[in-house]
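For reference, the structure is listed below as structure tokens.
The values are calculated or read from the model by the stated rules, or taken from the named source; none is laboratory data. Just so it is clear, the structure is predicted and the values come from calculations on it, not from any experiment. Backbone-built Cβ (ideal geometry, glycine too); neighbour counts: all protein chains shown.
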Amino acid sequence: MASINYAFKEISCKIVYYGPGVCGKTTNLQAIHATVPPKFRGDLVSLATEQDRTLFFDFLPLDLGEVRGFKTKFQLYTVPGQVYYNATRQLVLRGVDGVVFVADSAADRMEDNRESLANLRENLESYGLNLDQISWVIQFNKRDLPNAVPRDEMEALLNPDHVPSMESIASKGIGVKETLKAIAALVLRRLSDITESAPAASSLERKAAAAAEQQVPRSQKVSLVASGSEPRSPVPAPAGETVAAAASTPSGAPPPPRPATAAAPSVAPARTTVELPDLHVMQKCDARWRGFRVGTAVVEITRRAGADRRASYALACQATYLQLFRRMWKCMLQLSGEETKVIDYHSVSFYAFQDVAAEGKKGGEVHVWIKNAFDKACYVSFSGFGSTVQLTPAGRSWFE
Amino acid sequence: MAQMPLMLTTADQKMLHEVLVDLLKKSASRCVLLVDLSGRCLAHAQSKEKIDVDALAALLAGAFSSMRALATLVGETEFSVLFHQGEHSRIHNILVDEDRFLSVISGQRSTMGKVRLCAENAAEQIAARFRAIAQRTTVAESPLHASMAKDTGKRLDEIFDS
């Protein structure tokens with residue numbers, strides 16, 4: 001079962017190389033490990049006997065980086081091929097998304113290939129699966145052997161369903177990439193189909209989910225206090241945690257960093273009705289790091305649907321650093337007179353406090369404290385709904 | 001019927017991260033991982049040192065799965081806790097639900113009792129969350145792009161040829 005993490009925009013899929021003993025499963029992983037640059041892969045973990053026979057499994061994580069907006073990761077596993085390690089093979093198959101069946105092309109191994117394929121079917125059944133429900137390909141390995149069985153014969157024996165198949169000489173790295181490409185494509189195509197066919201949540205369901213989120217017992221919350229005002233509706237904060245952020249107000253006078261204040265969770269913040277205007281603002285500003293200009297950031301704020309007092313706004317930020325790195329953040333804020341709640345976000349969480357809107361003034365200040373999943377924080381402020389937005393990156397943590 | 005992938009929304013991830021960070025702090029541990037039994041690290045939190053969480057998750061899942069098989073052999077349905085003790089480090093694993101476990105790697109700063117207590121509390125919170133996730137019938141966020149598979153192939157070409 002693959003996992004899709006929408007917070008980190010990350011997909012993780014498990015691919016298992018299966019086949020009879022000494023057919024070249026580990027060799028496939030070794031070839032991938034030798035070819036792929038270290039920044040795209042982790043270490044090859046091998047649990048092998050002294051004779052280099054796989055005892056439990058081999059494991060190689062691949063990180064392809066961002067593909068179509070999702071960080072795509074594959075975990076490649078092999079199983080021990082020897083007949084008496086079946087319990088281990090069964091364990092490794094748990095949660096599998098794709099299987100590469102590595103067949104040995106030697107003439108005297110055809111029966112082993114057939115038995116191993118039958119064993120794969122049996123072991124999948126123990127998880128209530130069959131080969132039709134997962135993505136799989138066949139790799140005819142060791143094509144350089146003098147007694148290699150012709151491909152047609154192997155296809156007839158092992159591939160009656162005509163799944164994608166390819167020839168390889170894994171010891172020389174030939175056909176290894178093609179096999180990985182084929183299985184990766186099948187796994188991701190299946191995943192795309194599943195996510196497309198599943199019903200999408202409506203905006204109301206999303207809001208309900210967000211509301212339910214507020215009920216989840218939390219161990220850590222953060223409060224934000226607008227500069228120049230007393231704390232009015234802080235979100236409960238963990239004791240001892242401080243907001244290490246400094247921001248410039250629109251007037252240019254930097255307020256002192258404020259510590260987050262702990263508040264009793266039982267005290268519900270008072271809400272007041274407030275008119276929040278339609279808004280579409282886009283502003284470009286410098287991104288600074290330790291006082292140096294290192295790039296640019298573009299902030300866009302748009303009013304979303306909702307005319308009631310809980311109007312919501314979408315905030316998107318795209319920052320480019322040194323012409324090298326580009327990051328995009330999106331989130332949705334829900335503003336009311338006394339507090340601003342996060343109702344949806346990507347990659348970063350936003351807590352905002354509207355300073356003067358509660359007094360009925362349009363064009364109040366909004367201060368947003370941004371905290372990403374790694375507890376790095378920065379502080380931005382923007383003022384004058386409908387007019388200008390001022391983004392104030394607060395030092396190094398913006399970029400980390 | 002096709003297997004549904006586990007879909008963690010931003011709210012799910014945020015909650016998991018908060019629980020793990022809390023556990024890390026309270027138990028004064030070095031690293032905390034939420035791992036599924038297929039070997040994926042679903043979420044983790046660690047102190048300053050960097051541990052290879054991918055490899056760790058794969059190996060821990062292997063150990064945990066073996067322990068389950070062991071339990072069956074000796075007539076138990078489950079061993080819910082797995083513990084490793086080293087000279088400087090300890091690994092405490094606790095089952096969250098059928099498919100996931102929580103792993104706490106601690107050093108000499110923390111006591112075993114505290115780790116166990118905090119881990120049990122965290123496991124309960126996480127289990128409740130995954131029960132809610134399992135009941136979802138909709139995709140919370142956008143589907144994957146249709147050309148994802150094709151682009152992944154191109155990406156693999158680039159990586160292998162680089």
Q: Just give me the residues in region A:67-108 being assigned to a strand (DSSP E or B), in contact (Cβ under 8 Å) with a residue 24 or more places away in the chain and over 19 Å from B:Ser65 (Cβ atoms), in sequence order.
A: A:Phe70, A:Lys71, A:Thr72, A:Lys73, A:Phe74, A:Gly98, A:Val100, A:Phe101, A:Val102, A:Ala103, A:Asp104, A:Ala106
Q. Are any residues in region B:19-52 part of a helix (DSSP H, G or I) and either among the aromatic types (Phe, Trp, Tyr) or surrounded by 22 or more Cβ atoms within 10 Å (Cβ to Cβ) (or both), and if so, which ones?
A. B:Val19, B:Leu20, B:Leu23, B:Leu24
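Of all residues in region A:5-14, which are of a type in the set (A, V, I, L, M, F, W, C), part of a strand (DSSP E or B) and either at pLDDT below 85 or surrounded by fewer than 24 Cβ atoms within 10 Å (Cβ to Cβ) (or both)? Please lay out each step first, then the result.
Quick first cut of region A:5-14, residues of a type in the set (A, V, I, L, M, F, W, C) only: A:7-8, A:11, A:13.
Next, only the ones that are part of a strand (DSSP E or B) stay: A:11, A:13.
Hits for region A:5-14: nothing passes.
Based on this model, can you work out whether B:Asp151 counts as surrounded by 15 or more Cβ atoms within 10 Å (Cβ to Cβ), more than 22 Å from the chain's Cα centre (by Cα) and within 11 Å of chain A (Cβ to nearest Cβ)?
yes
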Q | Residues of region B:75-96 satisfying the condition of being at pLDDT below 90 and in a loop (DSSP other than H, G, I, E, B) | A | B:Gly75, B:Glu76, B:Thr77, B:Glu78, B:Phe79, B:Ser80, B:Gly86, B:Glu87, B:His88, B:Ser89
Q: Look through A:Phe70, A:Phe57 and report the one residue that is facing another protein chain (nearest Cβ under 8 Å) and under 22 Å from A:Asp112 (Cα atoms).
A: A:Phe57
**Q.** Odd one out for B:Gly113, checked against (1) assigned to a loop (DSSP other than H, G, I, E, B); (2) more than 14 Å from chain A (Cβ to nearest Cβ)
**A.** (1)
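Does B:Leu60 count as under 26 Å from A:Asp97 (Cα atoms) and surrounded by 14 or more Cβ atoms within 10 Å (Cβ to Cβ)? Explain how you work it out, then say what you get.
On the way: under 26 Å from A:Asp97 (Cα atoms): yes; surrounded by 14 or more Cβ atoms within 10 Å (Cβ to Cβ): yes.
So B:Leu60 fits the description; yes.
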Q) Residues in region B:126-140: is at least one surrounded by fewer than 17 Cβ atoms within 10 Å (Cβ to Cβ), in a loop (DSSP other than H, G, I, E, B) and touching a Lys or Arg at 6+ places or on another chain (Cβ under 8 Å)? A) no
Q) Can you tell me which residues in region A:144-196 are among the basic types (Lys, Arg) and closer than 27 Å to B:His145 by Cβ? A) A:Lys177, A:Lys181, A:Arg189, A:Arg190
Q: Find the residue count for region B:46-67, including only residues that are touching a residue at least 24 places away in the same chain (Cβ under 8 Å) and either at the interface with chain A (Cβ under 8 Å from one of its Cβ atoms) or within 20 Å of B:Val81 (Cβ to Cβ) (or both).
A: 7
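Give the residues of region A:177-194 that are facing chain B (nearest Cβ under 7 Å) and either surrounded by 22 or more Cβ atoms within 10 Å (Cβ to Cβ) or aromatic (Phe, Trp, Tyr) (or both), sorted by residue number.
Initially, region A:177-194 is screened for residues facing chain B (nearest Cβ under 7 Å), giving A:177, A:180-181, A:184-185, A:188-192, A:194.
Matches in region A:177-194: A:Leu180, A:Ala184, A:Leu188, A:Leu191.
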